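Notes follow the structure.
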Amino acid sequence: MSNAIEKRLEEIREKFASFTDPDDKWKFLLDLAKAHKGMDASLKAEKFIIVGCASTMYLVPSFDGEKIHFEMDVEGGTTNPLISRGLGALALQVYNDMAPADILSVDPAFFQQIGLNVGLSPTRSNGFASLVKQIYLYARVFAALAKK
């Protein structure tokens, strides 16, 4: 695991450890959602939809031969998309602009270890798990392409 991704993980661990009120986590995710710039509408294609989210979440990867860049956005669904958007923005704080090997070096259980899953609805938990799974799938594909 590179120092860059370990630093990101440690910053997030510290942030979640600092929460004293259970609502702090939700406020943090809402702040992330509001600060996330989203993505250009032209990128929102069906092939980039994360299946399993209550809202329509798009994750668009691009690879420069060394690092993967992700664009992510969420549109309304059956629920308020701000929490879903905040979860997506949190995932990007970990994985965006990292080498495939760095992404694959992170244990996906990291998010459970910081307590992210506590209090999430089953739909949001499943959607977030699908998002992380898709990020790892892209990392495996781009890692294989980089070896060619």
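The values are calculated or read from the model by the stated rules, or taken from the named source; none is laboratory data. As the structure is a computational prediction, the values presented were derived from the model and not from experiment. Don't worry about glycine lacking a Cβ; one is built from the backbone with ideal geometry, like all the others, and counts go over all protein chains shown. Protein only, heavy atoms only, side chains kept; ligands, DNA and RNA dropped before computing areas. Shrake-Rupley method; radii C 1.70, N 1.55, O 1.52, S 1.80 Å.
General observations
- Region 111-139 residues that are within 13 Å of ILE50 (Cβ to Cβ), paired with ones that are in a helix (DSSP H, G or I) and open to solvent by 50 Å² or more (accessible area, probe 1.4 Å) (beta carbon under 9 Å, 6 or more apart): TYR136/LEU104
- For region 1-28, a tally of residues being in a loop (DSSP other than H, G, I, E, B) and either within 17 Å of GLN112 (Cα to Cα) or open to solvent by less than 80 Å² (accessible area, probe 1.4 Å) (or both) returns 4.
- Filter pass, LYS15 being without any contact (Cβ under 8 Å) to a residue 40 or more places away in the chain, charged (D, E, K, R) and more than 19 Å from PHE111 (Cβ to Cβ): no
- Residues within region 110-131 that are closer than 18 Å to LYS15 by Cβ and either open to solvent by 30 Å² or more (accessible area, probe 1.4 Å) or of a type outside the set (Phe, Trp, Tyr) (or both), tallied: 9
- Odd one out for MET39, checked against (1) part of a loop (DSSP other than H, G, I, E, B); (2) open to solvent by less than 60 Å² (accessible area, probe 1.4 Å); (3) in contact (Cβ under 8 Å) with a residue 40 or more places away in the chain: (3)
- Reported count of residues in region 85-109, each being open to solvent by 50 Å² or more (accessible area, probe 1.4 Å), over 20 Å from PHE28 (Cα atoms) and of a type in the set (S, T, N, Q), is 0.
- Of the residues contained in region 68-82, none is found to be assigned to a helix (DSSP H, G or I) and at pLDDT 95 or above.
- Region 42-53, subset outside any helix (DSSP H, G or I) and under 15 Å from the mean Cα position of the chain (by Cα), residue modelled with the lowest pLDDT: CYS53
- Residues located in region 57-84, provided they are of a type in the set (S, T, N, Q) and open to solvent by less than 40 Å² (accessible area, probe 1.4 Å): SER84
- Unmet criterion (only one of (1) in contact (Cβ under 8 Å) with a residue 60 or more places away in the chain; (2) in a helix (DSSP H, G or I); (3) more than 14 Å from the chain's Cα centre (by Cα)) for LEU32: (3)
- Listing of helices (runs of 4 or more DSSP H) fully contained in region 85-148 that carry 3 or more residues being within 20 Å of THR56 (Cα to Cα): 122-147
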